[in-house]
1. Across the stretch 85-106, what is the total count of residues that are of a type in the set (S, T, N, Q), closer than 18 Å to residue 148 by Cβ and over 9 Å from the mean Cα position of the chain (by Cα)?
2. Tally time: how many residues in the stretch 187-212 are of a type in the set (A, V, I, L, M, F, W, C), surrounded by 14 or more Cβ atoms within 10 Å (Cβ to Cβ) and farther than 13 Å from residue 134 by Cβ?
3. Which residues, counting only those in the stretch 25-74, are surrounded by 14 or more Cβ atoms within 10 Å (Cβ to Cβ), acidic (Asp, Glu) and not in a loop (DSSP other than H, G, I, E, B)?
4. Identify all residues within the stretch 185-201 that are hydrophobic (A, V, I, L, M, F, W, C) and in a helix (DSSP H, G or I); write none if there are none.
5. Check residue 132 against each of (1) under 14 Å from the mean Cα position of the chain (by Cα); (2) modelled with pLDDT of 95 or more and name the one condition it does not meet.
6. Looking at 46, 122, can you tell me which residue is over 23 Å from residue 165 (Cα atoms) and basic (Lys, Arg)?
7. Would you be able to say whether some residue in the stretch 156-170 is in contact (Cβ under 8 Å) with a residue 12 or more places away in the chain, hydroxyl-bearing (Ser, Thr, Tyr), in contact with a helix residue (DSSP H, G or I) (Cβ under 9 Å, 6 or more places away or on another chain) and more than 28 Å from residue 57 (Cβ to Cβ)?
8. From the residues in the stretch 63-105 that are in contact with a Ser or Thr (Cβ under 6 Å, 6 or more places away or on another chain) and among the polar types (S, T, N, Q), which one is modelled with the highest pLDDT?
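The values are calculated or read from the model by the stated rules, or taken from the named source; none is laboratory data. It should be emphasised that the depicted structure is a prediction, and the values quoted were computed from it without experimental measurement. With ideal geometry, Cβ positions are generated from the backbone for all residues, glycine too; neighbour counts draw on all protein chains shown.
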Amino acid sequence: LTVNGDVEGMKLPPSSQRAGVFPVKGVDMPYMGEDPNAYRWNYLIRSNRERDDYSRIIALTDALRSTNSTVGGPLDVQTQAVMDVDQWLRLFAFESLAGINDTFNQGLQHNLQLYVRPSDQRVLALPWDMDFALHQDTTMSIYGTGSRLSRTFAIPTNRRVFQQHLWDIMQTSYRTDYLEPWLNHWAEVADQNATAAILGYINARRNYVMARLAPRVEFS
């Protein structure tokens, strides 16, 4: 968005609105070829800039373009090689429970930081800009609103691990009895008490997600 509507005009802030135009342009991690220059604008290097190394980001986008969500298929094999898939699943399970909007796979394809782990060169997903927490409807899909990651999440083994992360978080920290003392504490510190509303959201979201997990299998 610009002041005069010309692409060369002075830019307006993201909060600006105009009929038919959304102020934020998401980037769903498309593969754009092997030329690093194609990735510079959307993937801004924050560390080791002198290396100017986009190789793992390019490999990540290349892996994500497969559409085969079968176990052991190209998407499964390639994403396991370039991503720490379990870590990604844990992060997006948390973001699903927290109802975070304005972030990748949760409403807009942006606000995600990537880190290439030196020990194995696999890409990690780091949470970023989560001020729109408890913002999605409590009945939003447990798998988010969709992105290029949806195909990776749909691989049956990944889907089971994702649900396990949801269940684990709900058994530990995403519980009203655990969070209520903290909410009361910070309400007093901030002199702003939204405890009842937050607990109501958590309880509703928790119940919705619990009802959609695969049934427990008993072993004798």
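1. 1
2. 2
3. Listed by number, the list holds a single entry, 62.
4. Those that are hydrophobic (A, V, I, L, M, F, W, C) and in a helix (DSSP H, G or I): 186, 187, 189, 190, 196, 197, 198, 199.
5. In the conditions (1) under 14 Å from the mean Cα position of the chain (by Cα); (2) modelled with pLDDT of 95 or more, residue 132 misses (2) alone.
6. Selected residue: 46, the only one of 46, 122 that is over 23 Å from residue 165 (Cα atoms) and basic (Lys, Arg).
7. no
8. Once the filter is applied, the top-ranked residue is 79.
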